[in-house]
Amino acid sequence: MHQKRTERVDLDPQETNEWLDALDQVVEEAGPDRASFILEHVAKRARQIGVDLPIRQNTPYINTIAPEDEVPFPGDRALERRIKSLTRWNAMAMVSRQNKFDHGIGGHIATYASIATLFEVGFNHFFHASYGDQPGDLVYFQGHASPGVYARAFLEGRLTAEHLENFRHELRDHPGLSSYPHPWLMPGFWKFPTVSMGIGPINAIYQARYMRYLENRELIAKTPRKVWAFLGDGEMDEPESMGSLTLASRERLDNLVFVINANLQRLDGPVRGNGKIVQELEAAFLGAGWNVIKVLWGTDWDDLLERDKSGLLLQRMEECVDGEYQSFKARGGAFVRKEFFGKYPETLQLVEHLTDDQIFRLRRGGHDPIKVYNAYKAAVEHTGQPTLILAKTVKGYGVAEIEARNPTHQQKELNDRAVQLFRQRFDIQLPDDVAQNVSFYRPPDSSPEMAYLHERRKQLGGYMPQRVVPASQIHAPKLETFTELLHGSKAPHPSTTMAFVKLLTLLLKHQEIGKRVVPIIPDEARTFGMESLFRQFGIYASGGQLYKPHDADMFLYYKEQQDGQILEEGITEAGSMASFTAAGTAYSNYRIEMIPFFIYYSMFGFQRVGDLIWAFADARGKGFLMGGTAGRTTLSGEGLQHQDGHSLVLASTVPTCAAYDPAYAYEIAVIVQDGIRRMYQEQESLFYYLTLYNENYPMPHMPEGAAEGILKGIYKFKSAENGKAALQLFGSGPILNEAVRAQQMLAERYGVASDVWSVTSYNELRREALRTERWNRLHPDQPERVPHIVSAVGGAQGPIIAATDYMKVVPDQVAPWLPSRMVTLGTDGFGRSDNREHLRRHFEVNAESIAAAALSRLARDGAFDKARAKKALDELGVDPERADPALA
Ligand SMILES: Cc1ncc(C[n+]2csc(CCOP(=O)(O)OP(=O)(O)O)c2C)c(N)n1
Ligand SMILES: [Mg+2]
């Protein structure tokens, strides 16, 4: 577009000038608003009459806020600079010292060096720790900038020198500091894990949206509270970072401010060496409907731009690519004079009064508190849209020999000369011994800078970051709340999914906690038979329903409302997970406990948004992940990309995730009831994953005393009729029914008696066994403790055939405690779109395969005739020569 315009020839310069003069006159006489109005109308007319106008997605490469529109800086610049310099010093000292003492321990200097002003202006003027009795702003700090956040907390007296000394030594000395923002490791400090790039931006967007949800549902008070997200320019390449931008504009989230620290570099080199990252992001965010504020040039440039009558300075700014801008900061003032200003005589002349050093010190906008303050002020005052601030900075700012160099990201240690240059550059006044030893420094409390720092924080409602967990207000409902799930089903029988929907409805209607329940669905409500909830509880729509739905006259119409309870997210598991995260951590961020249920296609959970789930665990999130259409053979008619046989394996990798694979309605009721008790009433840092299936079958009455076993992971579901089982059958989910069928087959056709067990959680059984084993290992002098899996089935006779709709590795988790007893049948391999019967035969998890496996194993053990076992395979339709489904 740009090129096309410059290539055009002016056929009548006089006429062009008349138009421009007319415009000048309007601005002069009626002001810029009037001029803007007229131009807009002219443009509209132009389109109507067929004039092709270029669509411009970019504004010029200068600051969005003109100098004449700026307000003066309200703070004490000298004191704030002193505070910032001390923060820089302590951050640098922390990383550098640690690498000297413990080479290679890590830490980052360059990121904080570039973002310091952006944080400090926030800390001194914008980040509210509270609004009256309400919690304050939610700030997502760029993960690798953590040293600066620690350094500030040290100045504030919230962390000690000992903390800083133990940066990344949290396993050695106490108290330690974690590398990055991790609520799991520092639960009183960090709120948001941000260091897996891309997780911060998407979570921040949904956080802002969730804040509105809580306000609109009148669960929290309305405040001017903001969500601030500090992001790297390289980080914006992650698909999650920009994937949900239009949600923020669609929802008019003016409580959201993104600040992108555009230091033009990532880890290996420039973010966009051959282009301009700021312009690229501006276009994308403007296109997505955001308010965009560019902060590119510091105050020193105002005069140059003012005197740029030829327009060549702006042209030079626009024609340089980021690779060149990086070189300007890496190679010094003489280089900038020659290569940047020297391109045109007019621009060279603009800086003839400046020394090379002064030219080098011409600051970028993100390092200028006045520019940053004005951008933040404009952002928090903007209404109706989220705001993006693009702050141009220098990576490794002020750190000699690494500033703007390609390897700067990984620079961890500074030599003595570099340390001294750093001090000079920021004019850091320190006692001699502190400077010499590169130790930490906090001025006395009586000093003007400390008094100022504390006063500013007092004005802003306290210190931050800080994570607070209030006492629980939730009492788990009684199990009887779910009576309908406990006493068996009548025809037409439901699936576990339908049973769950019943349970969810009962919970939503619950007097005390119903309002706290947050159903989250990524466009699958009909898949799970949940459309009945739409009308009853409403779909959250921040602006209400602006149309009459076509099905309005139907009982179950698509009802959207401003205080709707259901979050219908559309097709975004990542976005849904971000909502789940906002809801599952609301107990701390908003001091209100919410109970989210995120119901999705189990295949599109752990493997698709696993990193967001990991961050949720780090953030001590609570709630229920419900993996619908679970099982590689139970979900029929879909095929390889839908059929999930491994989410339980992935769930086992998340330390705070309790994963269950229930078979019957009452099992779900018991697990959810106890889950609410543990997560909320007892405030355990824990969340749940439950598989839900879509196969309909009779739901039995809950056996007496089964609850404990259900929660621990196993209970006997059906004993052998003669009471003398020679064999044990384990089943989970709908495959439990196959085990029951196999039990009958074995007894009736082969005279083999067996017990059937429902295994609700191999994951939990294994964890308990590992804990017990560890205790035994560490207490050799004490009587040995017995893992639950052993005490539960140790006395039962014979081999164990475990069958599951998940991979064999799921049951195998408990094999070490059942030596040589287990034969596992599972669904390793790629799925098919055939029906259940064929799928189960293919994966060898049907009743026939279970019975055949049992007879085969008994034959090997010498407890059954070998020839008879071979014949049985044939009778049961098990073809020994078929291809292995694991590879098919
Ligand atoms: C998902 C993910 N991939 C890779 C990394 C490793 N990593 C850490 S920082 C970084 C570069 C960050 O660049 P940028 O976002 O521009 O931040 P800056 O340090 O320049 O401010 C990379 C690749 C990560 N933390 N997370
Ligand atoms: Mg960067």
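The values are calculated or read from the model by the stated rules, or taken from the named source; none is laboratory data. All figures in this text were calculated on a predicted structure; none of them were measured in a lab. Cβ sites come from the backbone with ideal geometry, for glycine too, and all protein chains shown count toward neighbours. Just so you know, the surface numbers come from the protein's heavy atoms only, side chains and all, with ligands and any DNA or RNA stripped out. Shrake-Rupley method; radii C 1.70, N 1.55, O 1.52, S 1.80 Å.
Among the residues that make up the stretch 143-164, is at least one of them under 23 Å from Ala582 (Cα atoms), open to solvent by 10 Å² or more (accessible area, probe 1.4 Å), within 16 Å of ligand 1 (Cβ to nearest atom) and not in a loop (DSSP other than H, G, I, E, B)?
Checked the stretch 143-164: at least one residue is under 23 Å from Ala582 (Cα atoms), open to solvent by 10 Å² or more (accessible area, probe 1.4 Å), within 16 Å of ligand 1 (Cβ to nearest atom) and not in a loop (DSSP other than H, G, I, E, B).
Take the stretch 188-231 and flag every residue that is polar (S, T, N, Q), closer than 19 Å to His128 by Cα and under 16 Å from the mean Cα position of the chain (by Cα).
Matches in the stretch 188-231: Gln207 only.
Determine the pairs where a residue that is under 20 Å from Leu245 (Cα atoms) and open to solvent by less than 30 Å² (accessible area, probe 1.4 Å), located within the stretch 376-388, has a partner that is in a strand (DSSP E or B) and polar (S, T, N, Q) with Cβ atoms under 6 Å apart, the partner being 6 or more residues away or on another chain.
Ala379/Thr387; Thr387/Asn291
Only helices (runs of 4 or more DSSP H) wholly contained in the stretch 785-888 count here; list those with 1 or more residues that are of a type in the set (Gly, Ala, Ser). Can you show your working first?
On the way: elements: 788-793, 809-812, 836-843, 847-860, 866-875.
It comes to 788-793, 847-860, 866-875.
Can you tell me which of (1) open to solvent by 60 Å² or more (accessible area, probe 1.4 Å); (2) under 30 Å from Gln279 (Cβ atoms); (3) modelled with pLDDT of 95 or more; (4) not acidic (Asp, Glu) is the one Pro74 doesn't meet?
(2)
Can you name the condition, by its number, that Arg212 falls short on among (1) under 27 Å from Leu567 (Cβ atoms); (2) within 16 Å of ligand 1 (Cβ to nearest atom); (3) of a type in the set (Lys, Arg)?
Every condition holds for Arg212 apart from (2).
Residue by residue through the stretch 165-178, note down the ones that are among the small types (Gly, Ala, Ser) and more than 16 Å from ligand 1 (Cβ to nearest atom). First the steps, then the outcome.
Residues of the stretch 165-178 among the small types (Gly, Ala, Ser): 176, 178.
Residue satisfying the conditions is Gly176 alone.
Does Asp805 meet the test of being over 27 Å from Thr653 (Cβ atoms) and of a type in the set (Asp, Glu)? Quick ask: steps written out before the conclusion?
Numbers: over 27 Å from Thr653 (Cβ atoms): no; of a type in the set (Asp, Glu): yes.
Against the criterion (over 27 Å from Thr653 (Cβ atoms) and of a type in the set (Asp, Glu)), Asp805 does not qualify.
Could you list, in sequence order, all residues of the stretch 262-294 that are within 11 Å of ligand 2 (Cβ to nearest atom) and in a strand (DSSP E or B)?
Within the stretch 262-294, Ala262, Gln265, Pro270 meet the criteria.
Scan (1) more than 27 Å from the chain's Cα centre (by Cα); (2) at positive phi for the single condition Ser489 breaks and write down its number.
(2)
Being within 13 Å of ligand 1 (Cβ to nearest atom) and of a type in the set (A, V, I, L, M, F, W, C) is the filter; apply it to the stretch 261-291 and report the residue that is most open to solvent (accessible area, probe 1.4 Å).
Leu267
Give just the number: which of (1) in contact with a helix residue (DSSP H, G or I) (Cβ under 9 Å, 6 or more places away or on another chain); (2) open to solvent by 10 Å² or more (accessible area, probe 1.4 Å); (3) part of a loop (DSSP other than H, G, I, E, B); (4) not hydroxyl-bearing (Ser, Thr, Tyr) does Ile571 not satisfy?
The one condition Ile571 does not meet is (1).
What are the pairs, 6+ residues apart or on separate chains, where a residue within the stretch 331-359 that is on the phi > 0 side of the Ramachandran plot has its Cβ under 7 Å from a residue that is part of a loop (DSSP other than H, G, I, E, B) and open to solvent by less than 60 Å² (accessible area, probe 1.4 Å)?
none
I need the full set of residues from the stretch 376-401 which are part of a loop (DSSP other than H, G, I, E, B) and more than 14 Å from ligand 2 (Cβ to nearest atom), in order please.
Initially, the stretch 376-401 is screened for residues part of a loop (DSSP other than H, G, I, E, B), giving 382-386, 393-401.
Of everything in the stretch 376-401, those that are part of a loop (DSSP other than H, G, I, E, B) and more than 14 Å from ligand 2 (Cβ to nearest atom) turn out to be His382, Thr383, Gly384, Gln385, Pro386, Gly398, Val399, Ala400, Glu401.
Being among the hydroxyl-bearing types (Ser, Thr, Tyr) and under 30 Å from Val419 (Cα atoms) is the filter here, so list the residues in the stretch 431-476 that pass it.
Applying the first criterion (among the hydroxyl-bearing types (Ser, Thr, Tyr)) to the stretch 431-476 yields 439, 441, 446-447, 452, 463, 472.
Hits for the stretch 431-476 are Ser439, Tyr441, Ser446, Ser447, Tyr452, Tyr463.
Surrounded by 23 or more Cβ atoms within 10 Å (Cβ to Cβ) and charged (D, E, K, R): which single residue out of Arg840, Arg882 fits that description? Lay out the reasoning, then the answer.
Values: Arg882 fails: surrounded by 23 or more Cβ atoms within 10 Å (Cβ to Cβ).
Within the list Arg840, Arg882, the selection yields Arg840.
Just checking, does the stretch 511-524 include any residue being part of a helix (DSSP H, G or I) and touching a strand residue (DSSP E or B) at 6+ places or on another chain (Cβ under 6 Å)?
Of all residues in the stretch 511-524, those part of a helix (DSSP H, G or I) come to 514-516.
This time we only want the ones that are touching a strand residue (DSSP E or B) at 6+ places or on another chain (Cβ under 6 Å), so: 516.
Yes: one or more hits.
It is to be established whether one or more residues within the stretch 241-254 are within 16 Å of ligand 2 (Cβ to nearest atom) and in a helix (DSSP H, G or I). Write out each step before concluding.
Restricting attention to the stretch 241-254, the residues satisfying the condition of being within 16 Å of ligand 2 (Cβ to nearest atom) are 241-242.
So of that shortlist, the ones also in a helix (DSSP H, G or I) come out as 241-242.
Yes, because at least one residue in the stretch 241-254 is within 16 Å of ligand 2 (Cβ to nearest atom) and in a helix (DSSP H, G or I).
If we keep just the residues of the stretch 165-178 that are free of Cβ contacts under 8 Å to residues at least 40 places away in the same chain and of a type in the set (Asp, Glu), which is surrounded by the most Cβ atoms within 10 Å (Cβ to Cβ)?
In this case the residue turns out to be Glu170.
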